[in-house]
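Peer 1: I'd like to ask you about the structure that follows.
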Amino acid sequence: MKRFWKDADAVAVPDGHDIHLDGKPVRTPGRVPLTLPSPALAKAVADEWRNVGETIDPRAMPLTGLSNAAIDRIAPDTTAFAAGLAKYGESDLLCYRADHPLELQLRQQAAWDPLLDWARTRYGINPVTTTGVMHRAQSPETVAKLADAVAALSPFQLAALSPLVTVTGSLIAALALLEGAATPEDIWSAANLDEDWQAEHWGEDDLARKARATRRADFDAGARFLSLL
């Protein structure tokens, strides 16, 4: 789609903040008003529309994309979306440790154990760790309590959480970021610890760098979206 508007603005409405292009409200792909829950998010989304060049590039408008997802995809059935995201708690990255070498094990402990300890205190759960990649089931109580934490979130919080969970492979790390128990950089470093170890010892090719850059862009969008709610 080519740009057809001159300016974009965030406009307060009774149930939130709409985005207007030359005075006309923007709608989602599902033809629902693009109504956002906070003035900070509305301003940032309006900035994305204001900064569009001659044609729309969805990759340059991640906050708009997450907003559309919250409204069109998540809000109609929040329970189902939350349940799908909560399944990551059954095989959280932080619970799968290397069996060697010792230096990598120590790095994992230093980066991952504080996040697990936080989750134990915050949610009253007892996630168990294992070595290797073979699945080890978490207790039904742990899975249920993490699912309850996700189910309590709003559609816009779930929209932000989704890329954070899928990029990192850790529901617990994403929840720690959502609740302010860790910074985005802390979580990114923890999630990429194993990959960074491999790169340190065997290098990194161009394909891996490009894939990492794409994941980082998705992660950053989710983290920023969350901070604007």
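Any read-out appearing in this document is the output of simple, stated calculations on the displayed coordinates, not a laboratory observation. Quantities reported herein were computed from a predicted structural model and do not represent experimental measurements. As a convention, Cβ positions derive from the backbone with ideal geometry for all residues, glycine included, and neighbour counts pool all protein chains shown.
Peer 1: Mind checking the alpha-carbon convex hull of region 8-60 and giving the volume per residue in Å³?
Peer 2: Convex hull of Cα atoms, per residue: 84 Å³.
Peer 1: Could you work out the relative contact order of the chain, using alpha carbon pairs under 8 angstrom and six or more residues apart, expressed as a whole percent? Mind showing how you got there, number by number?
Peer 2: Numbers: 294 pairs, mean separation 46.2, N = 229.
This gives 20 percent for the chain.
Peer 1: Also, I was wondering about something else. Express the relative contact order of region 9-83 as a whole percentage, based on alpha carbon pairs under 8 Å and six or more residues apart in sequence.
Peer 2: About 26 percent, as a whole number.
Peer 1: Return the sequence-ordered ³J(HN,Hα) values of region 86-93 in whole Hz as given by the Karplus equation 6.51 cos²θ - 1.76 cosθ + 1.60 applied to θ = phi - 60°, using x for Gly and Pro.
Peer 2: 5, 4, 5, x, 7, 8, 5, 3
Peer 1: Using a cut-off of 13 Å between beta-carbons, work out the net charge of the residues near TYR123 (Lys and Arg +1, Asp and Glu -1, TYR123 not included). Write out the running numbers ahead of the final one.
Peer 2: Details: positive: ARG120, ARG122, LYS145; negative: ASP92, ASP117, GLU141, ASP148, GLU179.
Summing Lys/Arg as +1 and Asp/Glu as -1 gives -2.
Peer 1: Using a 7 Å offset from the Cα along the Cα-to-Cβ direction at both HIS135 and ASP148, what is the distance between the two label points in nm, to one decimal?
Peer 2: Placing both labels 7 Å beyond Cα along the Cβ direction yields 2.4 nm.
Peer 1: A follow-up question, please. For the chain, give the magnitude of the charge dipole about the Cα centre (Cβ charges: +1 Lys/Arg, -1 Asp/Glu; no others), in debye to the nearest 20.
Peer 2: Using only the charged Cβ atoms, the result is roughly 640 debye.
Peer 1: Using θ = phi - 60° and the Karplus form 6.51 cos²θ - 1.76 cosθ + 1.60, what ³J(HN,Hα) does each residue of region 183-189 get, whole Hz, x for Gly and Pro?
Peer 2: Taking θ as phi minus 60°, the curve returns 8, x, 5, 4, 5, 4, 5 Hz for region 183-189.
Peer 1: For each of LEU102, LEU93, count neighbouring Cβ atoms within 10 Å of the residue's Cβ, then give the residues from fewest to most.
Peer 2: In increasing order of surrounding Cβ atoms, one gets LEU102, LEU93.
Peer 1: Cα axis of helix 193-202 to longest principal axis of the chain: angle in degrees, 0 to 90, nearest 10?
Peer 2: So the inclination is approximately 70 degrees.
Peer 1: Rounded to the nearest 500 deg cm²/dmol, what is the calculated helix-only ellipticity per residue at 222 nm for the chain, with -39500 (n - 2.57) per DSSP H run of length n ≥ 4?
Peer 2: -17000 deg cm²/dmol
Peer 1: With a sphere of radius 14 Å drawn around the Cβ of ALA176, what net charge do the other residues whose Cβ falls strictly inside it have (Lys, Arg +1; Asp, Glu -1)? Don't jump to the answer; show the numbers that get you there.
Peer 2: Numbers: positive: ARG120, ARG122; negative: ASP92, ASP113, ASP117, GLU179, GLU185, ASP186.
Within the 14 Å Cβ shell, the charges total -4.
Peer 1: Mind checking the log10 I(q)/I(0) for region 46-123 at q = 0.11, 0.13, 0.23 Å⁻¹? Debye, one equal scatterer per Cα, no solvent, two decimals.
Peer 2: -0.59, -0.73, -1.01
Peer 1: Taking amide H positions as placed in the peptide plane 1.01 Å from N, state which residues far from LEU34 in sequence (5 or more) or on other chains have amide H under 5 Å from it.
Peer 2: Counting only residues 5 or more places away or on other chains, the set is ILE19, VAL26, ARG27, THR28.
Peer 1: Net charge near VAL167: determine it from the other residues with C-beta under 11 Å of the C-beta of VAL167, scoring Lys and Arg +1 and Asp and Glu -1.
Peer 2: Net charge around VAL167: +1.
Peer 1: A further question on this structure: Of LYS24/LYS210; LYS43/LYS87; LYS2/LYS43, which pairs sit farther than 28 Å apart, going by alpha carbon to alpha carbon? Could you put the intermediate results ahead of the total?
Peer 2: On the way: LYS24/LYS210 38 Å; LYS43/LYS87 33 Å; LYS2/LYS43 22 Å.
From the list (LYS24/LYS210; LYS43/LYS87; LYS2/LYS43), the Cα-Cα distance tops 28 Å for LYS24/LYS210; LYS43/LYS87.
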